[in-house]
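Please treat every number below as a calculation from the coordinates, not as lab data. This is a predicted model, so every value here is computed, not measured. Neighbour counts are summed over all protein chains in view; Cβ atoms, including those assigned to glycine, are modelled from backbone coordinates with ideal geometry.
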Amino acid sequence: MSHFTKVQTKITDLLFLKKAISDMDLAYEEGKLKAKGWLWKRAKADLIIPTKSGYDIGFRFNGKSYDVVADWDSINDVDQQSFVNELNQRYAYNVVSDTLTQQGFMVMEEKTEDGKIKITMRKAS
């Protein structure tokens with residue numbers, strides 16, 4: 001049986017959420033939207049990522065952070081756990097990178113073979 005599930009995140013900043021999604025080479029739509037699920041079911045969303053399966057991954061602000069809302073049973077081209085893990089990783093990287101850059105550091109990113117991100121920073125002179 002298909003249904004929408006909500007995954008709570010610690011993602012609080014829409015700008016960094018959009019940067020994380022772009023880093024993952026995914027397109028998104030923003031506004032007062034409804035994420036599509038199986039049998040014309042819909043869930044309110046502030047931002048959606050259309051998937052190849054025809055259903056959407058939505059993001060809804062709950063007043064503190066963004067929840068991921070999707071009909072994961074119907075989305076067969078995106079793995080929920082892998083998606084959320086990569087999204088959180090890219091979001092954290094963008095927040096840290098932006099903060100360090102504002103503090104005068106140059107930030108360099110390097111991905112390790114196991115998919116982790118290694119950040120090297122140097123104080124700009």
Value of relative contact order over the stretch 5-123, rounded to a whole percent, pairs C-alpha under 8 Å and six or more apart:
23
Any idea what angle helix 14-23 forms with the longest principal axis of the chain, computed on alpha-carbon atoms, 0 to 90 degrees, nearest 10?
90
Net length gained if the chain between LEU100 and PHE61 were fully extended (0.36 nm per residue, minus Cα distance)
11.4 nm
In sequence order, what are the phi-derived ³J(HN,Hα) couplings for the stretch 58-74 according to the Karplus relation 6.51 cos²θ - 1.76 cosθ + 1.60 with θ = phi - 60°, rounded to whole Hz, with x for glycine and proline?
x, 10, 10, 6, 9, x, 10, 8, 9, 8, 8, 10, 7, 8, 4, 5, 9
Estimated inter-spin distance, GLU110 and LEU15, nm [label 7 Å along Cα→Cβ]:
2.9
Using a cut-off of 12 Å between alpha-carbon atoms, which aspartates and glutamates can reach LYS10, once sequence neighbours fewer than 8 places away in the same chain are excluded?
ASP67
Can you pick out the pairs among LYS32/LYS116; LYS52/LYS118; LYS32/LYS64; LYS64/LYS123; LYS18/LYS64; LYS6/LYS44 whose Cα atoms lie more than 23 Å from each other?
LYS32/LYS116; LYS52/LYS118; LYS64/LYS123
Distance in nm between pseudo-label sites at SER53 and ASN88 (7 Å out along the Cβ direction from Cα)
2.1
Taking θ = phi - 60°, what integer Hz values does the Karplus form 6.51 cos²θ - 1.76 cosθ + 1.60 yield along the stretch 91-106, in sequence order, with x for Gly and Pro?
4, 4, 4, 5, 5, 5, 4, 5, 4, 5, 4, 5, 8, x, 9, 8
Sort 80-90, 45-55, 103-113 by packing, meaning the average of other beta carbons within 10 Å per residue, with the highest value first.
45-55, 80-90, 103-113
